[in-house]
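The values are calculated or read from the model by the stated rules, or taken from the named source; none is laboratory data. Everything numeric in this text was worked out from a predicted model, so none of it was measured. So basically every Cβ, Gly included, is an ideal-geometry build from the backbone, and we count neighbours across all protein chains shown. All accessible areas refer to the heavy atoms of the entire protein, side chains included, with ligands and DNA or RNA removed. Shrake-Rupley method; radii C 1.70, N 1.55, O 1.52, S 1.80 Å.
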Amino acid sequence: MQCSFISKFRSILFYIFVFRWSLGNHENFALQNADSTNFYITEKNRSDIKNGSILRLTTSPSQTAAQLHERIQSSSMDAKLEALKDLANSSRDVTFAQEFINLDGISLLTQMVESGTERYQKLQKIMKPCFGDLLSFTLTAFVELMDHGIVSWDTFSVAFIKKIAGYVNKSAMDTAVLQRSLAILESMVLNSQDLYQKVAQEITIGQLIPHLQGTDQDIQTYTIAVINALFLKAPEDKRQEMAHILAQKQLRSIILSNVIRSPKPINDEMAHQLYVLQVLTFNLLEDRMMTKMDPQDQAQRDIIFELRRIAFDVECEPNNSGSIEKRKSMYTRDYKKLGFINHVNPAMDFTQIPPGMLALDNMLYFARHHQDAYIRIVLENSSREDKHECPFGRSSIELTKMLCETLKVGELPSENCHDFHPMFFTHDRSFEEFFCICIQLLNKTWKEMRATSEDFNKVMQVVREQIMRALTQKPNSLDQLKSRLQNLSYTEILKIRQSERMNQEDFQSRPILELREKIQPEIMELIKQQRLNRLCDGTCFRKISSRRRQDKFWYCRLSPNHKVLHYGDLEESPQGEVSHDLLQEKLPVADIKAVVTGKDCPHMKEKGALKQNKVISQYLSVSYITVSVCVAVSYITVSVCVSVSYITVSVCVSVSYITVSVCVSVSYITVSVCVSVSYITLSVCVAVSYITVSVCVSVSYITVSVCLISQYLSVSYITVSVCVSVSYITVSVCVSVSYITVSGCVAVSFITVSVCVSVSYITLSVCVAVSYITVSVCISVSYITVSVCVSVSYITVYVYVSVFFITVSVCVSVSYITVSVCVSVSYITLSVCVAVSYITVSVCVSASYITLSVCVCVSHITLSVCVCVSHITLSVCVSHITLSVCVSHITISVCVCVSHITLSVCVCVCEPHITLSVCVCVSHITLSVYVCVSYHIICLSVCLISHYLSVSVSVCLISHYLSVSVCLISHYLSVSVCLISHYLSVSVCLI
């Protein structure tokens, strides 16, 4: 039918040409598509004519080719330019191209480029745009004609190649000329090995780099295409050298910043060229991937030794250290922990290709560049049961093989693929970094699946799916990849699988739903029966203690009647079922009130005692040096550092609404620093260290700084806890068991609370506060304790409790209300209260060998109380009301006061050798009372008073060897009472 139609069509055309239009030489005419292609209709493509197509009658291809061949040789520049423009458009048609090439048109164009350039250069000075167009159309026609594959590329001269390369190497060249020149060079390299050598001599990578730094994406695309062509055609031995040159020229960084991260969207051709460059780069790994390890090669064996050294922090032993058998046993043990299949000679694991030596290279890179993660993975798995450990060596080998398959390492680029990944252009060692991320993912997935050695292939399948799903999202950086893999947990993969299964049409069809509903009761009963059968068979478990796993086992099974659980201890793991007779313990099923699983189990709760329920970022380390840094500008910042290290440094710098910084450390040296500008700041440092330094600097509404035991703990040789805060509410807590403890709180707050609890040899507690309310508490069991409170507050409360050799308590306060309390059981106690307050209360309670209580106040109301059971007591009060109660060997009570009302009381109950009570007052009303119920060697009571009303009472109830009472009074009304019964008593009243 089609042939009949075409024959009739040709007959009609022939009739029109010959008879209707009277056209002679009809072979000089042809039909042409009237669309944008302008392709000629030939015997080969006439079957492609569609119904409704518009055709145009025009000159034949041979006639058109002859005309253009003549026109491009015209002496007129305008005619030549127009002819070259028409030639560039017509050359896309293969029919025309064949006719023009038959006229030796390719040679004519190359001659115009080679020899005609001098003429063009003369014209360039006077008509530069015309020169650019001439050369552009010439090169465009050349490219179009050569793309048809009619002429071989090997026919071109060196002069032509140099001329084209010269256009590329020029710094300022017409964009169209540069684009066509790059296209010609790419085709030359790809289509001829001989031309590759010549082009490689004329073009260097350094000359191509500037074209990538421009903004024209077409120029960038052709430039990368030339680089890919040179890369692809380079001999095997020169590819690594070329890759080294590309790295030196920072090609990756230039492409990343000027192409990938350019504001312009990447078109398909650019995406293809980036994909080709990505594949060619990864193909450099093929040599290592296909290289087997030589077990006799010492250099390769040293890599395995290095992995062992980094993991277990051991130095290579000399050959003569210990017996050969002992060293072999030690190596075998360590290689087993590293997860190699062949424990005796792990080099045999790398004889499989792929991945060959590439797997070992990846392992070494991970161990050297991500040392903490490498050590953590190895130590975590070596501490698990054999069947539950994730073998690092075997996992690395299989993972490397999987990544090579995923990225198609060793395969040539596809012609139509655009699948490039921007993240591989963000790092010079992108494949190795990709491996490092994936090996940590594998270890994480292994733990999430609670896998055993039998589940290895299942874990690898899940990891493959995680990686493929993350790559599908085209992450822009390796960090984005890591984040997306973190979200693709094993649980999430199961949900995705279930969702995809449920979304399939077959599963949602009505027959399937009806069938599922019908068989569900039967399936549930089957599952129930299977579980009961498993309980009746029984299972062996390892016994779990509070510290670690033991070698003992216990077995549990359900009785056949399903009413009793039989269980008991076993010395070793049984090979088969254990009979009920061997299981002595019984537990009736009816007595079981509840069944707890997972995190609700008691032993799991103990394990998770130190873990936070709401943790945003967590860093767990078992290493020599741990550094955790969190810098955040966010609404909520949570920084957690859990470390078992020699040196631990945890730093949190935050500008947030809520900031939580937690450092839990078992280290030789622990440094925890929290710098926060937040509404609420919580800084917690829990440390078991030789030296602990906890610093919290906060500008917040509420600041809480804690350095504590257990969940509040520091057991250290030296503990330094510093809280610097500008907050509405500041709470600083330091609980320390150390040789030296230093607790400092500097606060500008509405409410400041500073607490220091210390069991130390030397304790220094300092609280400096400018607050409305200040509370400073120091409780210390130390050899030497110094507690200082400096406060400018409305209300100041200072409490100090000390039990040890030397106690120093200092309270300096400028407040409306000041309360200073010192309770001490020490050899030497010094309590000082200096206050400028409306109301001041200073209390010193001491059971010490030497007690010195000083209260200096400028206050409206002052109460100074000194209660001592000491060998030597000195109580000095420059204040309104003084109460001194002493049980001492030597007692000195001094009251100096300038006030409206003065009350000075000294009570001594003991056998002191010397008691001195002095009251010096310039007051409106003064009452001085001295009471001694003791046997004194010397007792002296002096009252120097000048005021309106003065009452001086000296009472000595017991016989004294010498007692003197002196009242020097000059006032309006004076009363002196002496009730004395001594061996020698003197009472003097001067009024």
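Figures for the structure shown
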{"read-out": "Residue-span extension gain [Met468 to Arg56] - 0.36 nm each, minus C-alpha spacing", "value": "143.0 nm"}
{"read-out": "Shape parameters for region 53-98, alpha-carbon atoms, Rg then Dmax in Å", "value": "11.5, 40"}
{"read-out": "Förster radius 45 Å - calculated FRET efficiency between Glu514 and Asp48 (Cβ-Cβ, nearest 0.05)", "value": "0.30"}
{"read-out": "Order by protection proxy (mean Cβ within 10 Å, highest first), peptides 217-230, 445-458", "value": "217-230, 445-458"}
{"read-out": "Cα extents of region 452-511 along the three principal axes, largest first (Å)", "value": "46, 34, 14"}
{"read-out": "Distance between region 774-834 and region 386-408 - C-alpha centres, whole angstrom", "value": "63"}
{"read-out": "Accessible area of Arg429 in the full protein assembly, 1.4 Å probe (Å², nearest 10)", "value": "110"}
{"read-out": "Potential extension, Glu27-Ser414 segment - 0.36 nm per residue separation minus Cα distance", "value": "135.0 nm"}
{"read-out": "Exposure of Phe541 as accessible area (Å², to 10), given a probe of 1.4 Å and all protein chains", "value": "90"}
{"read-out": "Once the Cα gyration tensor of region 694-808 is diagonalised, semi-axes √(5λ) in Å", "value": "23, 16, 9"}
{"read-out": "Fraction in percent of alpha-carbon pairs per bin - 5 Å, region 715-767", "value": "6, 25, 29, 17, 13, 7, 3"}
{"read-out": "Distance from region 516-535 to region 572-604 (C-alpha centre basis), Å", "value": "23"}
{"read-out": "Convex hull of Cα atoms in region 633-684, direction-averaged projection (nm²)", "value": "2.9"}
{"read-out": "Accessible-area composition of region 365-433, carbon plus sulfur, in percent [1.4 Å probe]", "value": "41"}
{"read-out": "Overall dimensions of region 309-427 by Cα: Rg and Dmax, Å", "value": "17.6, 62"}
{"read-out": "Within region 145-213, trypsin sites (Lys or Arg not before Pro) in DSSP loop having at most 16 other beta-carbon neighbours inside 10 Å", "value": "Lys170"}
{"read-out": "Distance violations [Cα-Cα > 21 Å] among Lys387/Lys447; Lys292/Lys401; Lys328/Lys444; Lys444/Lys528; Lys163/Lys198", "value": "Lys328/Lys444; Lys444/Lys528"}
{"read-out": "Between region 214-287 and region 48-109, the Cα center-to-center distance that results, in Å", "value": "36"}
{"read-out": "Cα-projected label distance for Lys458 with Asp302, points at 7 Å along beta-carbon direction, nm", "value": "4.4"}
{"read-out": "Cα extents of region 428-469 along the three principal axes, largest first (Å)", "value": "36, 17, 14"}
{"read-out": "From the C-alpha gyration tensor of region 156-236, square roots of 5λ in Å", "value": "19, 14, 10"}
{"read-out": "Percent accessible area from carbon and sulfur atoms, region 677-834, protein chains only, probe 1.4 Å", "value": "85"}
{"read-out": "As computed over region 748-826, the Cα convex hull volume per residue (Å³)", "value": "52"}
{"read-out": "Stokes-Einstein D for region 231-288, Kirkwood Rh over Cα pairs, 20 °C, 1.002 mPa s (µm²/s)", "value": "171"}
{"read-out": "For region 783-883, alpha-carbon Rg over 2.2 N^0.38 Å", "value": "0.97"}
{"read-out": "Global size of region 361-488 as Cα Rg and Dmax, reported in angstrom", "value": "14.9, 50"}
{"read-out": "Förster-model FRET efficiency, 25 Å R0, Ala243 and Gln193, C-beta, rounded to 0.05", "value": "0.80"}
{"read-out": "Inter-label distance for Val151 and Gln213, nm, one decimal - labels placed 7 Å from Cα along Cα-to-Cβ", "value": "3.6"}
{"read-out": "Shape category assigned to region 223-348 from the gyration tensor of Cα positions, a/c cut at 1.5", "value": "prolate"}
